[in-house]
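Worksheet for the structure shown next.
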Amino acid sequence: KAGVTQTPRYLIKTRGQQVTLSCSPISGHRSVSWYQQTPGQGLQFLFEYFSETQRNKGNFPGRFSGRQFSNSRSEMNVSTLELGDSALYLCASSLDGRAPDTQYFGPGTRLTVL
Amino acid sequence: GNSVTQMEGPVTLSEEAFLTINCTYTATGYPSLFWYVQYPGEGLQLLLKATKADDKGSNKGFEATYRKETTSFHLEKGSVQVSDSAVYFCALTPMDSSYKLIFGSGTRLLVRP
């Protein structure tokens, strides 16, 4: 079974631009979550989607948004980029997102904002 | 609220040494507990998990036991290798409907030959 895939792997943007990241979950997984990883804040939860519905959202500004498609693929968008948005963005998929389900992670997208 | 506390790193060991990375948690009920590992430049890989009290998760020589009485899930390995050098994250999924993983801050392990 193919794992979680994320595209692109690397992105360089400038302040004020917007960016879209993509995530394809493991086949059969319907829950997709997004996390931001930075050296200072560690791993922080962004949001989770199941069957095209956002079920939970972390403490991030409205510039961070996401969506999920009917095939469970997900995208996240960051508008009006700031320097502090530079991070590794990780996507994870699971069967239904609830304990004791296991979340499997993709390789991440490394976003650099200049 | 729910939280995970890990020992501060880095942890530096010689090859074949015994490894313990401490992890304690705060959560209501019986969360599921996980250890993930992150190698340089990569995403997170599931190392092991436990879903109920006294469960022992194990994989690749690593072990961790779900201790409800001490709210702990310490990671151990009897003999580390250079290839085990990575960052290790303890995490939990709460029993509530938050649908998210809560991570500790991570512990960097460096194994010297």
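The values are calculated or read from the model by the stated rules, or taken from the named source; none is laboratory data. Just so it is clear, the structure is predicted and the values come from calculations on it, not from any experiment. Here Cβ is always computed from backbone atoms with ideal geometry, including for glycine, and neighbour counts include all displayed protein chains. Each accessible area value is taken on the protein alone, full model and side chains, heavy atoms only, with ligands, DNA and RNA left out. Shrake-Rupley method; radii C 1.70, N 1.55, O 1.52, S 1.80 Å.
Given H placed 1.01 Å from N in the peptide plane, which residues other than close sequence neighbours of B:MET7 have an amide H under 5 Å from its amide H?
Excluding prolines and chain starts, which carry no amide H, the hits are B:ASN22.
Which whole-Hz ³J(HN,Hα) couplings does the range A:45-62 yield from phi under the Karplus relation 6.51 cos²θ - 1.76 cosθ + 1.60, θ = phi - 60°, glycine and proline marked x?
Values per residue, Gly and Pro as x: 6, 9, 6, 9, 10, 8, 6, 6, 10, 7, 9, 7, 9, x, 8, 10, x, x Hz.
Which GluC sites (Glu not before Pro) in the range B:1-97 pass both tests, a DSSP loop state and at most 16 other beta-carbon atoms within 10 Å? Intermediate results must be reported in sequence, preceding the final value.
On the way: sites: B:GLU8, B:GLU15, B:GLU16, B:GLU42, B:GLU63, B:GLU69, B:GLU76; in loops: B:GLU8, B:GLU15, B:GLU16, B:GLU42, B:GLU69.
In loop regions of the range B:1-97 (DSSP not H, G, I, E or B), the sparsely surrounded GluC sites (Glu not before Pro) are B:GLU8, B:GLU15, B:GLU16, B:GLU42, B:GLU69.
Sequence-distant or interchain residues sharing an amide H contact under 5 Å with B:HIS74, placed H: which?
B:CYS23, B:THR65
Could you order B:THR20, B:THR26 by accessible surface area, starting with the largest, using a probe radius of 1.4 Å?
The residues order as B:THR26, B:THR20, largest area first.
Please give the FRET efficiency for A:ARG15 paired with A:ASN77, using the beta carbon to beta carbon distance and R0 = 22 Å, rounded to the nearest 0.05. Walk me through the intermediate numbers first.
Values: r = 16 Å, r/R0 = 0.73.
Given R0 = 22 Å and the Cβ-Cβ separation, E is 0.85.
Ballpark to the nearest 100 Å², how much total accessible area do B and A bury together, probe 1.4 Å? List each step's numbers first, then the result.
Details: alone 6080 and 6110 Å², together 10530 Å².
Answer for the B-A pair: about 1700 Å² buried.
Quick check for you: with a 1.4 Å probe and neighbouring chains kept, what is the accessible area per residue of chain A, in Å²? Each step should come with its number before you reach the end.
Working: 5290 Å² over 114 residues.
On a per-residue basis, chain A sits at 46 Å².
How big is the gap, in Å, between the Cα center of the range B:73-105 and the Cα center of the range A:1-71?
That distance is 21 Å.
Can you list the aspartates and glutamates whose alpha carbon is less than 20 Å from that of A:LYS1, not counting same-chain residues fewer than 8 positions off?
A:ASP96, A:ASP101, B:GLU42
Using Cα positions and a limit of under 17 Å, work out the lysines in reach of B:LYS100, with same-chain residues fewer than 8 apart set aside.
Leaving aside lysines fewer than 8 places away in the same chain, those within reach of B:LYS100 are A:LYS57, B:LYS49.
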